[in-house]
Amino acid sequence: MTDKRRAVVLILDGLRRDFVTPELMPRLSALRERATWCAQHGSVFPSVTRVVSSSVATGCRPARHGLAGNTIALVDNGALALFDAGKPEFITEKQRLTGEALAMPTLAERLAPVGGVVIFNNVSPGAAYLHDPLGHGHVYHRAGSFGPGREPVAAGQALRIAGDLDGDAALVARFTSEAIEDGKPALALAWLGHPDTTQHDYPLGSPENHEALRRADAHVGTVIDAVDAARARGEEILLLVGSDHGHQTVSGVVDIAAELIAAGLKEAPESTDVVVAPNGTAALIYVDPQYERRVAPLAAFLAERSWVGRLITPDEFSAFGIPAGGGLAFAVSMAADDEAVNEYGVPGLSLAAKPAGGKADRLGCGQHGGLGRYEQSPVLVLDGPGFAAGAVAAEPSSAIDLAPTLLAFLGHDADGLDGRSLQFRP
Ligand SMILES: [Zn+2]
């Protein structure tokens, strides 16, 4: 029987759990009534899309899949250099410098011999390709669509959409038709760009944010209807609808590199002695081993800063799932106020690290990356065999639990992953 089973996953990037209300998201709210709702679902750290994508793909925390951030430093030509994991060429660069894309096998690899994986994705190219960096299945993305062996799909099959709300709608139409109704892979996964993209550009709770939530909810409805139609034809399908992280409102922006330079702890903006990798409301701070003597004064300096919410040192990396090595000396979750509200009454304010490369700083709009309550409160709803209708799972769950849950449903071994299959939780 298990070979007739298949799974459908829909991720709404950046959706906070408290935004799922009958008024804003009627279809997702109605799904709760017939499905299991994960009331304590969390993200990983840092709570950024490329890292969570890698955790969904591998069932492991960053410490084991090896991607520490959306922006990271790698040693290139003997010196630390910043890399943006969202760029389409990132995986090739990471393979060149570290010898591997991700350090654990992906769902695309595990399921390739047993029904395969088809992914439609409308976030950054790097996040899309991290689901299947070695080309075991199909990944459709506006920056390039690939089949097995990372061979580009036929030109007529490429995903020619924009990253806007209409792009998500076009993606869902193709996903529903090609991956749910016709293709029937073991795992069909769609990852929408909104509400995340909208929330980075507009305040949380704004009319623009609400419009993005309503449109995302309509996409949930389209996918539910396609799954229900397939079930009515006798198919056994597990449907997961969720998100990768939530958002907090950016209440201030801190130029960490500039502060370190002013304190005499980093030589210059482009110097490679100490390198700051901003990750939204989190940051990774790297120290070149030749400058080991900077570590102690950096620790003392960071411990005193009011903008540091949680300073994580290497002795705690394992507990937080952060990869050790590569010069990574500190991780910072920026200071957050989970009770304070923004101009629309939406709770959860955080400071953000000033982005690298002149990117917009998102002041007053949504951001994520850290350990704030709402960025760490994404959504997970599980609908299908093994999950009780109307149940609320009060046990903590997180992004690492999706892969073992999917593998368990499809009848495959999921031993040795960081996550656990949610079917067997009390
Ligand atoms: Zn995201």
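The values are calculated or read from the model by the stated rules, or taken from the named source; none is laboratory data. Since the structure is predicted, the reported quantities are computational estimates derived from the model, not experimental observations. Neighbour counts run over all protein chains shown; Cβ positions are idealised from the backbone, glycine included. Accessible surface is based on the protein model in full, side chains and every heavy atom, while ligands, DNA and RNA are left aside. Shrake-Rupley method; radii C 1.70, N 1.55, O 1.52, S 1.80 Å.
May I ask you to give the percent of accessible area on region 7-90 that is carbon plus sulfur, with a probe radius of 1.4 Å? Spell out each step's value before the answer.
On the way: 1170 of 2380 Å².
Exposed carbon and sulfur together represent 49 percent of the surface.
Among ALA186, ALA216, ALA103, which one shows the biggest mean-square fluctuation in a GNM of the chain, springs joining Cα atoms closer than 10 Å?
It is ALA103.
Using a Gaussian network model of the chain with C-alpha springs under 10 Å, which one of ASN70, ASN342, ASN279 is most mobile by mean-square fluctuation?
Ranking ASN70, ASN342, ASN279 by mean-square fluctuation puts ASN342 first.
After finding the eigenvalues of the alpha carbon gyration tensor for region 143-290, what semi-axes result from the square roots of 5 times each, listed largest first in whole Å?
Those come to 41, 21, 14 Å.
With every protein chain in place, what's the accessible area of SER145 (1.4 Å probe, Å², nearest 10)?
10
For q values of 0.11, 0.14, 0.24 Å⁻¹, compute log₁₀ I(q)/I(0) with the Debye formula on a Cα-only model of region 249-367, without solvent.
The Debye formula, applied to the Cα set alone, gives -0.37, -0.59, -1.43.
Residue-wise, which Karplus ³J(HN,Hα) couplings in Hz belong to region 29-34, taking 6.51 cos²θ - 1.76 cosθ + 1.60, θ = phi - 60°, and x for glycine or proline?
With coefficients 6.51, -1.76 and 1.60, one gets 5, 5, 4, 3, 5, 10 Hz.
Heads up, I need the accessible area for HIS138: 1.4 angstrom probe, whole protein in place, Å², nearest 10.
Result for HIS138: roughly 60 Å² accessible.
Report TRP307's accessible area, 1.4 Å probe, all protein chains in place, as a number in Å² to the nearest 10.
Only protein atoms counted, so the area is about 20 Å².
Mind checking the per residue accessible area of the chain for me, 1.4 Å probe, whole number of Å²? Kindly include the intermediate steps, with their values, before the conclusion.
Details: 15710 Å² over 426 residues.
Using a 1.4 Å probe on heavy atoms only, each residue of the chain averages 37 Å².
Are there any GluC sites (Glu not before Pro) in region 82-168 that are in a DSSP loop and have at most 16 other Cβ atoms within 10 Å? List them by number.
Working: sites: GLU89, GLU93, GLU100, GLU109; in loops: GLU89, GLU100.
Within region 82-168, the qualifying GluC sites (Glu not before Pro) (loop, at most 16 other Cβ atoms within 10 Å) are GLU89, GLU100.
Expressed in nm to one decimal, what extension gain is obtained for the pair ASP225 and GLU343 from 0.36 nm per residue of sequence separation less their Cα-Cα distance? Write out the running numbers ahead of the final one.
Numbers: separation 118, 0.36 × 118 = 42.48 nm, distance 3.63 nm.
Gain in length upon complete extension: 38.9 nm.
ALA388 versus ALA232, label points 7 Å from Cα toward the beta carbon: distance in nm?
Taking the two extended label points, one gets 2.9 nm.
Taking Cα atoms, how many degrees apart are the long axis of helix 165-175 and the longest axis of the chain, rounded to 10 and kept between 0 and 90?
For 165-175 against the chain, the angle is about 50 degrees.
Under 10 Å, Cα contacts only: if you run a Gaussian network model on the chain, which one of LEU189, LEU402, LEU298 comes out with the highest mean-square fluctuation?
Taking springs between Cα atoms under 10 Å, the residue moving most is LEU298.
Hey, rough spin-label estimate for HIS412 and SER318, points 7 angstrom out along Cα→Cβ, what's it come to in nanometres?
Rounded to a tenth, the inter-label distance reads 3.0 nm.
Calculated from DSSP H runs of 4 or more alone, at -39500 (n - 2.57) each and per residue, what is the 222 nm mean residue ellipticity of the chain, nearest 500?
On the way: 13 runs with 118 residues, N = 426.
Mean residue ellipticity at 222 nm (helix-derived): -8000 deg cm²/dmol.
After finding the eigenvalues of the alpha carbon gyration tensor for the chain, what semi-axes result from the square roots of 5 times each, listed largest first in whole Å? Present the calculation step by step, with values, prior to reporting the outcome.
Numbers: eigenvalues 239, 114, 76 Å².
Taking √(5λ) for each eigenvalue gives 35, 24, 19 Å, largest first.
Could you look at region 249-367 and say what percent of its accessible area is carbon and sulfur, using a 1.4 Å probe and all protein chains? Working shown, then result.
Working: 2660 of 5180 Å².
Percent of accessible area from carbon and sulfur atoms in region 249-367: 51.
Region 316-381: which trypsin sites (Lys or Arg not before Pro) are DSSP loop and have at most 12 other beta-carbon atoms within 10 angstrom? Please list the in-between numbers first.
Details: sites: LYS359, ARG362, ARG373; in loops: LYS359, ARG362, ARG373.
Listed in order of number, the matching sites are LYS359.
Would you kindly state how much longer the chain becomes between GLU93 and ARG160 on full extension, computed as 0.36 nm times their sequence separation minus their alpha carbon distance, in nm to one decimal?
On the way: separation 67, 0.36 × 67 = 24.12 nm, distance 2.53 nm.
Going from the current span to full extension adds 21.6 nm.
Which of the GluC sites (Glu not before Pro) found in region 318-426 are in a DSSP loop and have at most 11 neighbouring Cβ atoms, other than their own, within 10 Å? Before the final figure, lay out the partial values.
On the way: sites: GLU339, GLU343, GLU375; in loops: GLU343, GLU375.
Passing both the DSSP loop test and the Cβ count: GLU343.
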